[in-house]
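The values are calculated or read from the model by the stated rules, or taken from the named source; none is laboratory data. For clarity, every value in this text was computed on a predicted model and none was experimentally measured. Cβ sites come from the backbone with ideal geometry, for glycine too, and all protein chains shown count toward neighbours.
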Amino acid sequence: MTPTPEEQRRGFSVAGQTAVLVVALVFGVIAAGLAAAYVQAERAVTDESTAQVLAVARAVAAEPDVVTAVTDGDPGGVLQPLAEGVRASTGTDFVVVMSPDGIRYSHPNPAQVGRRFVGHIDAARAGGTVVEDYTGTLGPSRRAVVPVTGAGGSVVGLVAVGIGEPAVDARMAGELPPLLVAGGVAGVLAGIGATLIARRVRRQTRGLRAAELQAMHDHHDAVLHSVTEGLVLLDPEGRVRLANDEARRLLGLADDPAGRPVADLGLGPALVRAMSDPDVREDDLHVTGSRVLVLNKARARRDGEDLGAVVTIRDRTDLEELTGELGAARSLADALRSQAHEAGNRLHTIVSLIELGDTSRALSFATDELSRAQHLTDRVVAGVEDPVVSALLLGKAAEAHERGIDLVLDAGLRWPAGVASPRDLVTVVGNLVDNAFDAVTGQPGERRVELTAHDRGDRVELVVADTGPGIPPALRERVLERGFSTKPASGDAGRGVGLALVHGTVGRLGGTLGFAGPPGAVVTVTLPVLRGGAGAPVDTADRVGLGR
């Protein structure tokens, strides 16, 4: 392949390097194969030549005329024409018949007849066979020497047959064209294959060099492990291609989920549905067992091809908990402002009564208001050991008064210290009371919310009941899902999060959450007590109304 100008400036791309390496490897294999085939062919030609000279020599040595002529010392020179006839008919380069001492009776060059044979003949004289490459009077040759045996098996002469090296080389040259053709065809196919491979690699690597790919990988790996958001890459079939460390932490995955379908990761149904469906998601809230997650999902496409989806996950748990605490603090502040306003009105009333000279009524009015306020505070403080819950309930009482709701605290209210962290308590108690307030707001007739807490020693039991429409049994599972609400639709983006947060927090703390009703709704939460002892005995006969 011809490199592009950009590649020439940057050096070979991965595709170019791959093509060069493939071609070099294939041609190296072809060269090694040709060398091995050449050695094999050379061995075959040598074995064929050896077999030929042995066969001719043995055939000549077994000829009766040769045995008779050698025994008689070749009277009349009959062996020369006989040997030359055999040489011509068999395609060998020489057929030499000699005495046991090596004196030639025949030779292609008549001048050599009567002279001593040049070569090794000792093994043949002993009745064996000599096969060797030797340079004699006709040049280098492949030769065989066999004995001629007479009566009684005695050696009466020798026969030497040989094929010259040029003839052997000519035979070897005849074997080369098929080998070269095969090597050439293999080389052409290798070149075509390398070109196709290089084109595919070029498409997959975008023509990048190895150093650039290495840098991209290093940067990619560094980003994945350093970003504070969870990142999950999904293929079109919904299998996880990649999940960084933060995603595994937020989703509670112990092992690398690469290659597994989202449905097999043990996530909640809503989260699986959000990650698996083809829809685009923006700031989608999901509540897991211990976290509030914000999920965003976008489809990944290239040249119109669906590559899957990119999912980012952010942890919003702390923000939601802080928002709950802020709401509780704001509710308490509003209640304190309302109480300050009412206290101001009452103070003006008392002052006006004193100015009018009706001091007895002023004293009676003041002590009555003080007694009611102190009775409320004493009741909450006596029954609730946790200051966070005390402050929250006082704030909710003032809020109920403003909204025209009767908030009734059970006289036997007992809440020990050490149930959970302040954040978790605000999440559980605050959301349950707020949901009850919302349920009775705007309802005709009585609007009452009752709150009871019992200290069972190793656990505390919280019951929040209201006179609202209640939660139908068919919806009790769905109200725990993030985003589902039985309240009318509004612009509030936080609808459907409260009970989901309560459910997740209670589950994380090892407690239980149950529903009863309608009519009305009764929500029961049990939480284990981490520190502190049992509360005072429960007396459910006496109740105090804090609203209206």
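Within the set Val53, Val22, the sole residue that is at pLDDT 75 or above and under 37 Å from the mean Cα position of the chain (by Cα) turns out to be Val22. For Gly28, the criteria (1) within 60 Å of the chain's Cα centre (by Cα); (2) within 20 Å of Asp169 (Cβ to Cβ) hold in every case but one, which is (2). There is at least one residue in region 269-283 that is in a strand (DSSP E or B) and loosely packed, with under 12 Cβ neighbours inside 10 Å. Applying the set (1) part of a helix (DSSP H, G or I); (2) among the small types (Gly, Ala, Ser); (3) at pLDDT below 85 to Gly73 leaves exactly one unmet item: (1).
For region 230-240, a residue qualifies if it is surrounded by fewer than 15 Cβ atoms within 10 Å (Cβ to Cβ) and either modelled with pLDDT under 80 or within 18 Å of Asn296 (Cβ to Cβ) (or both), but none of them does. Report whether or not Ala144 is aliphatic (A, V, I, L, M), surrounded by fewer than 16 Cβ atoms within 10 Å (Cβ to Cβ) and assigned by TED's automatic domain parsing to the domain that holds Ala69. It is false that Ala144 is aliphatic (A, V, I, L, M), surrounded by fewer than 16 Cβ atoms within 10 Å (Cβ to Cβ) and assigned by TED's automatic domain parsing to the domain that holds Ala69.
Could you count how many residues in region 242-259 are surrounded by 15 or more Cβ atoms within 10 Å (Cβ to Cβ) and of a type in the set (Lys, Arg)? The number of residues fulfilling the criteria is 1.
Taken as a whole, the condition of being in the same structural domain as Gly514 (by TED's automatic domain parsing) and not in a loop (DSSP other than H, G, I, E, B) applies to Gly430.
Which numbered condition in (1) over 18 Å from Thr452 (Cα atoms); (2) modelled with pLDDT of 75 or more is the only one that Gly511 fails? Unmet for Gly511, out of (1) over 18 Å from Thr452 (Cα atoms); (2) modelled with pLDDT of 75 or more: (1).
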